[in-house]
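Read the structure below first, then the notes.
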Amino acid sequence: MLAPLSGALSPLASRTRISAGFVGAYDAIPSIAAAYSTRRLLTGYTGSLLRLRRSSDNAESDFGYTAAGDLDTAAIATWLGGASGYVTTWYDQSGNGRHATQATAASQPLYVASGQNGRPLARFDGTNDMLAYSEINLVSATVFVVGRHSNTAYGIILSHSITNAQLRYATDATTVQVVGAERNLGSPSVTGDTSVAHLVTLRATTSAAQLALNGSYGSATAHSDTTFPTDQIGRRLTTSEPLGGDIAELVICNADLSGGDRAAAETAANDYWAIY
């Protein structure tokens, strides 16, 4: 786990504003173990959303949200001044401190100011971009990912740095699957158009796993493993199968959520990102 970077912040950093009327889109979703987004997801979270590195001078700064809960893109634009921004830390909004970080400049995802539905996201280059966080050893789980897959190579969404447990895009550029050479995860899959923005939902118990694309669920598959360990976004093990595409939002829950809770989370994602 790479520690969050420290240092003096610019005057524009962390321009976080609290609105008395704000309600987090995921406030009612239980068992959240980690939550990453370019918007404020939870009323109880009042920290920054992203830490960026500026390409022109490698300066770094934290950025928060507006009263509406959106990432403060205006502050970012002023600070960048025409330079590119790269994500060094994607802050975990769950309160569990699992901030996803990358200290190596060449492996930092690109900040895109206007991505899906005109809103910002992180773009992974398909070569070596990756963010790491402290391990979540899931027994039962529900994961929600707003993303896009832009090439025909394998692309990792979530994985573990040691085992081959992975949630990934397949080489046909349409299939999302869960696989694991060292772990029997049942290998569920779901197929659709992943070249455009989409929502992936993974649900798993100790005996079965199931995937959905844009709220449409594939078949559940049985498995005999009891855990799905994750600690990386965008790459398998150390260098393999890097993601070429975008991630706008990623929420990991350490429970197999009820159908009602899953539907509420999927609706919250679709309402904001205008996916389907």
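The values are calculated or read from the model by the stated rules, or taken from the named source; none is laboratory data. These figures come from a predicted structure and were not determined experimentally. With ideal geometry, Cβ positions are generated from the backbone for all residues, glycine too; neighbour counts draw on all protein chains shown. Only protein heavy atoms, including side chains, enter the accessible area calculation; ligands, DNA and RNA are left aside. Shrake-Rupley method; radii C 1.70, N 1.55, O 1.52, S 1.80 Å.
Residues of the range 131-154 that are modelled with pLDDT of 90 or more, in a strand (DSSP E or B) and open to solvent by 10 Å² or more (accessible area, probe 1.4 Å): Ala132, Ser134, Glu135, Arg148.
Counting only residues that are among the acidic types (Asp, Glu) and touching a strand residue (DSSP E or B) at 6+ places or on another chain (Cβ under 6 Å), which one in the range 199-256 is nearest to Ser140 (Cα to Cα)?
Among those residues, the one meeting the criterion is Asp256.
For the range 188-238, taking the residues that are part of a loop (DSSP other than H, G, I, E, B) and in contact with a Lys or Arg (Cβ under 8 Å, 6 or more places away or on another chain), the one that is least open to solvent (accessible area, probe 1.4 Å) is identified as Thr194. For Ala103, the test of being over 14 Å from the mean Cα position of the chain (by Cα) and either surrounded by fewer than 21 Cβ atoms within 10 Å (Cβ to Cβ) or of a type in the set (A, V, I, L, M, F, W, C) (or both) is passed.
Within the range 247-270, the set of residues being of a type outside the set (S, T, N, Q), open to solvent by 10 Å² or more (accessible area, probe 1.4 Å) and closer than 19 Å to Asp193 by Cα comprises Glu266 only. In the range 46-82, of all residues being in contact with a strand residue (DSSP E or B) (Cβ under 8 Å, 6 or more places away or on another chain), hydroxyl-bearing (Ser, Thr, Tyr) and assigned to a loop (DSSP other than H, G, I, E, B), the one that is surrounded by the most Cβ atoms within 10 Å (Cβ to Cβ) corresponds to Ser48. Among the candidates Asn96, Asn117, Asn128, the residue that is of a type outside the set (A, V, I, L, M, F, W, C), modelled with pLDDT of 95 or more, surrounded by fewer than 23 Cβ atoms within 10 Å (Cβ to Cβ) and touching a helix residue (DSSP H, G or I) at 6+ places or on another chain (Cβ under 6 Å) is uniquely Asn117.
Residue pairs whose Cβ atoms lie under 7 Å apart, separated by 6 or more positions or on different chains, with the first residue in the range 155-168 and in contact (Cβ under 8 Å) with a residue 24 or more places away in the chain and assigned to a loop (DSSP other than H, G, I, E, B) and the second small (Gly, Ala, Ser) and crowded, with 24+ Cβ neighbours inside 10 Å, are Ala165/Ser159. Entry remark, the range 31-45: residues being of a type in the set (Ser, Thr, Tyr) and either free of Cβ contacts under 8 Å to residues at least 12 places away in the same chain or in a loop (DSSP other than H, G, I, E, B) (or both) number 4 in total.
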